[in-house]
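J.: Quick one: the structure is below, questions incoming.
The values are calculated or read from the model by the stated rules, or taken from the named source; none is laboratory data. Predicted, not measured: the structure shown is a model, and the values here were computed from it. All Cβ positions, glycine included, derive from the backbone under ideal geometry; neighbour counts span all protein chains shown.
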Amino acid sequence: MENRNRNKNNTNFSHLAKLHPCLGGEANANFGRIHLPVSPACNIQCKFCKRDCNSDEDRPGVANGILAPKDAVETIKRALELCPQITVVGIAGPGDTLATTQAIDTFKLVDIAYPDLIKCLSTNGLLLYKYAQDLYDAGVRTITVTVNAVDPSIQSQIISFIVYEGKKYYGEQAAKILITNQLKGIEAISKLGVVVKINSVLIPGINDKHIEEIAKTVKAAGAMLYNIIPLIPQHDLDYIPAPTCEQLDKARTEAEKHLEVFRHCKHCRADACGIPGKEDLSSKLYGTNKHLETFSHG
């Protein structure tokens, strides 16, 4: 059964990589994506994460505001008019996509209106095991899970706390819960045939010597692709410099012993629109309305 699932995932990955700009290098230059910023809340505080509502910064965790799920279908229609090359509808925040049910509610509507568009979700993975079947039923076929460590002593240096089942956890206790749930979620959703990509933020002095261990562990759980992205020095980790090109290359080489590595990440906003690396159309699509719901933890 395990081999059958892996073969199915390999077939799915080969097909989707030709159309999904965040899975394949060739697709990255030819096809577009729209991110729907429908997820306002987060259940984890990462020490490098600083969410904001603005139209100026090109990085994860930023959007002009929060989009209501009921407005998603009309938004995609306008996005396709701006960029007919869009093949992917993604939800990547600006909070965590599974901290509320708004992402799943959105995908249900989108899958009815646009069944041929690829549905993609990014999550910290804390609640992925709980919603794996719901995501599959809503049409999601690719997912990205951010896994920054599989060792609690390292993970505890990266997160300040998690909020899980109504309780706030800190330190290695929080890290153990997060890692356990991430791996359980990756295994559950990969067994459904969903292609799983892993994101890791490379943080010099904290997890830069740990990347190969992450790669081995997530592959065993069912991951197909690895994306290692450089730290943006900000928030509680503003004192750590971004990794050098040499550090990034070394980490990617270590990871590549176990998983295929994606090397075209653009650090996209949570409301990005268009072909990665070309003109971002988010301001044309969403405007610059900052008077919308903001973010919360818990």
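J.: Taking only segment 201-238 into account, find how many residues are outside any helix (DSSP H, G or I), closer than 23 Å to K184 by Cα and touching a Phe, Trp or Tyr at 6+ places or on another chain (Cβ under 8 Å).
T.: The total comes to 5.
J.: For the subset of segment 111-131 comprising residues that are in contact (Cβ under 8 Å) with a residue 60 or more places away in the chain and under 22 Å from F31 (Cα atoms), which member is farthest from the chain's Cα centre (by Cα)?
T.: I118
J.: Then there's this: Could you look through segment 248-266, keep only residues that are out of contact with any Pro (no Cβ under 7 Å at 6 or more places or on another chain) and charged (D, E, K, R), and pick out the one that is modelled with the lowest pLDDT?
T.: R263
J.: Follow-up question, since we're still on this one. Please tell me if T87 is in contact with a helix residue (DSSP H, G or I) (Cβ under 9 Å, 6 or more places away or on another chain), of a type in the set (S, T, N, Q), within 28 Å of V201 (Cβ to Cβ) and not in a loop (DSSP other than H, G, I, E, B).
T.: Yes.
J.: Do we have I228 as under 18 Å from G125 (Cβ atoms), free of Cβ contacts under 8 Å to residues at least 60 places away in the same chain and surrounded by 20 or more Cβ atoms within 10 Å (Cβ to Cβ) here?
T.: yes
J.: Which one of these does I112 not meet: (1) farther than 30 Å from G32 by Cα; (2) surrounded by fewer than 18 Cβ atoms within 10 Å (Cβ to Cβ)?
T.: The failed condition is (1).
J.: Any residue at all in segment 210-220 that's out of contact with any His (no Cβ under 6 Å at 6 or more places or on another chain) and over 15 Å from E254 (Cα atoms)?
T.: At the first step, the residues of segment 210-220 found to be out of contact with any His (no Cβ under 6 Å at 6 or more places or on another chain) are 210-214, 217-218, 220.
Now drop any that are not over 15 Å from E254 (Cα atoms), which leaves 220.
Checked against the condition, which is being out of contact with any His (no Cβ under 6 Å at 6 or more places or on another chain) and over 15 Å from E254 (Cα atoms), segment 210-220 yields at least one hit.
J.: Among the residues of segment 89-103, how many are crowded, with 22+ Cβ neighbours inside 10 Å and under 21 Å from P115 (Cα atoms)?
T.: Residues flagged as crowded, with 22+ Cβ neighbours inside 10 Å and under 21 Å from P115 (Cα atoms) within segment 89-103 amount to 7.
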